[in-house]
1. How about region A:431-458: which of its residues are charged (D, E, K, R) and within 14 Å of another protein chain (Cβ to nearest Cβ)?
2. For B:ASP109, indicate whether it is closer than 14 Å to B:VAL7 by Cα, free of Cβ contacts under 8 Å to residues at least 12 places away in the same chain and either within 12 Å of another protein chain (Cβ to nearest Cβ) or touching a Gly at 6+ places or on another chain (Cβ under 7 Å) (or both).
3. When you look at A:SER313, is it under 30 Å from B:GLU89 (Cα atoms), of a type in the set (S, T, N, Q) and not in a loop (DSSP other than H, G, I, E, B), yes or no?
4. Is there a residue in region A:246-269 that is within 14 Å of another protein chain (Cβ to nearest Cβ) and part of a helix (DSSP H, G or I)?
5. Suppose we filter B:LEU55, B:LEU50 for residues that are within 14 Å of another protein chain (Cβ to nearest Cβ), within 26 Å of A:LYS301 (Cβ to Cβ) and surrounded by 15 or more Cβ atoms within 10 Å (Cβ to Cβ); which single one remains?
6. Restricting the search to region A:192-226, which residues are in contact with a Gly (Cβ under 7 Å, 6 or more places away or on another chain), surrounded by 14 or more Cβ atoms within 10 Å (Cβ to Cβ) and among the basic types (Lys, Arg)?
7. Only residues that are more than 16 Å from A:ILE407 (Cβ to Cβ) and touching a strand residue (DSSP E or B) at 6+ places or on another chain (Cβ under 8 Å): list them for region A:342-378, please.
8. If you check A:ALA191, A:ALA262, which single one turns out to be of a type outside the set (D, E, K, R) and closer than 28 Å to A:LYS154 by Cβ?
Amino acid sequence: MTKASPSPLNAEDIIRAFESAQVGHAVTDSDGRLKYCSQVFKDQTQLKEARSKKEDPWFLQDHAPSPLQKSRQSLWRTFIGRNQVWQGVVRWHLSENNIRFFEGTSIPLPNGDVILVINDRTERIEAKRVLRNMDKIQQEVLVDLPLSVMLFTKNSEIVLTNDYILKHIGKSAHDVINTKAQDSLGKGLSALSYDVVKKVVKTGESIDSGIVNIKKGPLAGQHWLVFGRPLHSRKYNVNGVLVISIDRTDSVKLNEERVRFAEAVHQSQKIEALNDFAGSLAHELSNLLHPVAAYARLLAKTPDDQKRAEYASKINKGTMAAGDILKRTLTMARTDKNEAKHCNIYDITHETITTAKDLAPASLSYDFHSSQTEVIGFAQEGELRQVLLNLLNNAAEAMAYRGRIKIKIETNQPEPASVKLRNPQQTRFIKISVIDQGPGFSSKIKSRLFDPFFTTKPGDRGTGLGLPVVKGLVTGWGGAVSVDTPDGGGAAFHVWIPENMPS
Amino acid sequence: MANILIVDDDSAVADVIALVLEQADYTALTTSTIGEAKAHIERGDVAGALIDVWLQDEDGLSLAAHLAEKDPTFPFIIMSGGGPGRSLETVTARADSFGAHHVLYKPFDDDELLSAVEKIAKVKQI
């Protein structure tokens, strides 16, 4: 040790500086009785100079429990008795609950007296303790979380783990810490341990393996969500990997169940719709065919019947009506011979309206509006003409061929809110509206408009297949048909045509 | 011979059944609604009825249910040609449960019609 150079300060200056820095000091005899206390020492310890030789030493004069005071006494004897400097923390009980922490130094003097120096470090020490407690809480939380937490070295040695996954293989954290994952976890857990460590060490980046379906080992059949995160040293080398795995088996199973259920519902709805359709078709055809057969039998029995021409004509009428229904049914179950493609919806609509106008009486007028003359959509041209003619005819009939039919084309529409699309699509729609001034219809009728064989037209005028055919054609291109009854009366039919080919 | 009521909203069917019955010396009345049918039955105009299941906005089986409750001795035959969600089995089962004497599936032949009508025509005579 080199000798310190002589201080330019005198003792008074030094004492004043220590006091201002809140470092207190005192002088005791060799037994620890206080002979002198600085003001800061008095303030911090609430002690003062001893008044008699019988007074207790300073270290017995607080409210600390007696074992602590006894250990202070033996420390004092050990150090001071051997003439040694002591340095350490004094835990000073001002009262039972008011505890201060002093960094203390006691320096024996040649004359047997002792200098005490104390420095109040309570705030710093308590802050450190809070931090330590927080670390402990965090660890406890990690251990108790319903997920697996594992910390590995880059060589896939297990540094820290909770028991969450280990209980599946009948082990605890204690059994595997400081072992290599390959050795202690076995093959079945590779997807949640060293496979992840290897990948993270190789790339140096976090990985999210998504949901991993475990095929082998004690977790076979389970689904885990796995995250791996590198822990870097200062040099940016990976020196550890944190792997967090969450058991998602239940939610995956639930989801699979949901998909299966939706599929089953969809199938049963399809079967139900088919049943309804077959039932309706049978009803229509049997009502047509029954008279046909009955008149044929009459003719066979009495070929010379006076009414034979009438019977034959009834047979013809019933057979042709049945044929008409069959033809329309086939249109509904259309084949893909003419595929839909991009075409100018404006041109087709414009031409169809012109055709309708040519056939319509003068009492009927058509009001066509479109902001553009080039409107490209995905449809089948011939079918679109059929759809529009059908809607224009319905409108004309609803208005008893008198008044104004409004036709409107709008582009860049979102998918119709009221209609379920066959496949929800990522495209905008062209919306053609045909709006009539007829009587409109009740909500009961509205709900059945697209049912096969449902008709509001009297007698022989409708087969009840017009709108179902319209719907069948439009949905075939990935579009939709909807209907509403505007406040001002009448009815509005909307054809939604996808702007792009449905995926 | 007995007077038979035909309840069918399809007039082509009702007319030809009436014609076949008349040629076999029955008399026939036709109607397309349940209300009218009930009125004829309550007045005692008819000896029995042929009832179609799927009527416009009405269910012929509800007339059968009404008869089973109010007039269990009145004899009737159910006719069916199908309809949405109606299998032949369910129609037959329900018709049987209301005490129908016979179930005819359209198109049916004249002999089957006449032998079924013969059965219900006898009920009132006994």
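The values are calculated or read from the model by the stated rules, or taken from the named source; none is laboratory data. Only a predicted model underlies this, so the values are computations on that prediction, with no experimental measurement involved. Note: ideal-geometry Cβ built from the backbone for every residue, glycine included; neighbour counts use all protein chains shown.
1. Just the residues of region A:431-458 that are charged (D, E, K, R), to begin with: A:431, A:436, A:444, A:446, A:448, A:451, A:457.
A:LYS444, A:ARG448, A:ASP451, A:LYS457, listed by residue number.
2. It is false that B:ASP109 is closer than 14 Å to B:VAL7 by Cα, free of Cβ contacts under 8 Å to residues at least 12 places away in the same chain and either within 12 Å of another protein chain (Cβ to nearest Cβ) or touching a Gly at 6+ places or on another chain (Cβ under 7 Å) (or both).
3. Criteria not met by A:SER313.
4. Checked against the condition, which is being within 14 Å of another protein chain (Cβ to nearest Cβ) and part of a helix (DSSP H, G or I), region A:246-269 yields at least one hit.
5. B:LEU50
6. Correct list: A:LYS199 only.
7. If the condition is that a residue be more than 16 Å from A:ILE407 (Cβ to Cβ) and touching a strand residue (DSSP E or B) at 6+ places or on another chain (Cβ under 8 Å), then A:HIS342, A:CYS343, A:SER363, A:GLU374, A:ILE376, A:PHE378 are the ones that fit.
8. On the way: A:ALA262 fails: closer than 28 Å to A:LYS154 by Cβ.
Every option except A:ALA191 fails the conditions.
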